[in-house]
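Comments concern the structure below.
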Amino acid sequence: MLILVTNDDGIYAPGLAALYQELRRLGKVTVVAPESEQSAVGHAISLNTPLRVKKAPLAGDGWGWAVSGTPADCVKIALAELLPEPPDLVVSGINLGPNVGINVLYSGTVSAATEAAILGVRQAVAVSLDTYKDADFATAARITGKLLARLQEEKPPGEQLCLNINLPALPEEAIKGVRLTRQDTGPLVEHFDCRIDPRERQYYWLAEINSRQDLDPDTDYAALQAGYISITPLHHDLTHYPSLNDLRGLEK
């Protein structure tokens, strides 16, 4: 099995290193990832600047391709130019911090998997760990490897779908199980920190971007908070189909 690994935390991120080592048990792994962190860039691609690609050493052994672009750029250039044949599986991660709810729209990690699905890869997966500090990526990678091995035994996702997997930051034995979930669409509870720079100028820093209240138990956010692994099938079609009929009068 041919596996492409990418991320949005950059090619030297420890989450990618752990994932790379684990997935080598499942098949031949190629890494194509941003040369620097690209968190929260969403599905951006580079149009006005060239993509520069160079070999970069990976933690432990081996090497990957470092790309001067976004996660979506990495998947595009990998499939178009760098891989000798299309991959059987694309895995984006392991991200430092969760990607649930509305954050899915901002996530470079999820967008890389979505891009793979758009380009026809039958198995595209984004993986995130629900913590921003003291991350146990070795455990997260081991759990991911088990999930992906099970995925090979199941019917693959439908065409142009990707799976968004979020892992609790818990010991493996403390995780309650796996839940198939829908994306939480409620508004985030967030605020900006107001600060003063050395020249006495005011600036703002977005904080608490993951806070949510009144959680629906069937959503990715709620499952993760309850100690479950959340798996959400995602599709890039953003059309609100009921409104097509509601707005037919505009065609007259």
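The values are calculated or read from the model by the stated rules, or taken from the named source; none is laboratory data. Everything quoted here is computed from the prediction, not taken from an experiment. Note that we place each Cβ from the backbone using ideal geometry, even for glycine, and neighbour counts take in every protein chain shown.
Brief remarks on what is shown
- Restricting the first member to region 55-69 and to residues that are under 13 Å from ASN7 (Cβ atoms), and the second to residues that are modelled with pLDDT under 95 and assigned to a loop (DSSP other than H, G, I, E, B), the beta-carbon pairs closer than 6 Å and six or more apart or on different chains are GLY64/LEU58.
- For region 137-193, the set of residues classified as assigned to a loop (DSSP other than H, G, I, E, B), among the charged types (D, E, K, R) and surrounded by fewer than 11 Cβ atoms within 10 Å (Cβ to Cβ) consists of GLU154, LYS155, GLU159, listed by residue number.
- The set of residues in region 24-49 being buried (at least 23 other Cβ atoms within 10 Å of the Cβ) and within 21 Å of GLN152 (Cβ to Cβ) consists of VAL29, VAL31.
- Any chance SER111 is in contact (Cβ under 8 Å) with a residue 40 or more places away in the chain and touching a helix residue (DSSP H, G or I) at 6+ places or on another chain (Cβ under 6 Å): yes
- Residue in region 108-120 that is at pLDDT 95 or above and of a type in the set (Asp, Glu) present: yes
- Within region 219-238, being loosely packed, with under 10 Cβ neighbours inside 10 Å and either hydrophobic (A, V, I, L, M, F, W, C) or modelled with pLDDT of 95 or more (or both) holds for one residue alone: LEU238.
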